[in-house]
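Undergrad: Encoded as structure tokens, here's the structure I'll be asking about.
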Amino acid sequence: MTPPLRPDPSDGPDRLYTVTGGRSAAGTHAFDVVTLIVTEQEPVPGMQSEHARILRLCKRPTAVVEVAAELGLPISVVKILLGDLLEAGRITARHPRFAPAQARLPDLDTLKQVLHGLQRL
């Protein structure tokens, strides 16, 4: 893995405005910070450098927050870039699935047995 880019002090809102094409939201795509991104196509010549870097980074499932950290960009900017790539069919996004509410908590008897075992220690 390449070392993450550190933001240059001269990088300011102007650069972020340019990177996102002036957009401040990711459009219709809702990426969570733990959404896994997977590359579907290789970068092509002439592609925006941030887009190409994302495609190289996400050959294996990579969380949005990890992409932002590697690029040294705010998550909001990365979500906009990911939206571009998703619309172009260059990536897929896999949203985490949550267990049903009933499966989240163990039953009361199990909790009592654990408590009893801890008290005996």
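Undergrad: Gly72's amide H: which non-local residues (gap 5+, or another chain) put their own amide H closer than 5 Å, with H modeled 1.01 Å from N in plane and none for Pro or chain starts?
TA: Leu5
Undergrad: Just order 75-82, 87-94, 52-59, 108-115 by mean Cβ neighbour count inside 10 Å, highest at the front, would you?
TA: Averaged packing, sorted descending, gives the order 75-82, 52-59, 87-94, 108-115.
Undergrad: Short version: ³J(HN,Hα) in whole Hz for each residue of segment 51-59, in order, from phi by Karplus 6.51 cos²θ - 1.76 cosθ + 1.60 (θ = phi - 60°), x for Gly and Pro, what are they?
TA: Those phi angles translate into 4, 4, 5, 4, 4, 5, 6, 9, 5 Hz.
Undergrad: If you average 1/r over every pair of different alpha-carbon atoms in segment 26-79 and take one over that average, what Kirkwood value in Å do you get?
TA: About 11.4 Å, per the Kirkwood formula over Cα pairs.
Just so you know, all these numbers are worked out from the coordinates, no wet-lab data involved. All figures in this text were calculated on a predicted structure; none of them were measured in a lab. Positions of Cβ are backbone-derived with ideal geometry, glycine not excepted, and every protein chain shown enters the neighbour counts.
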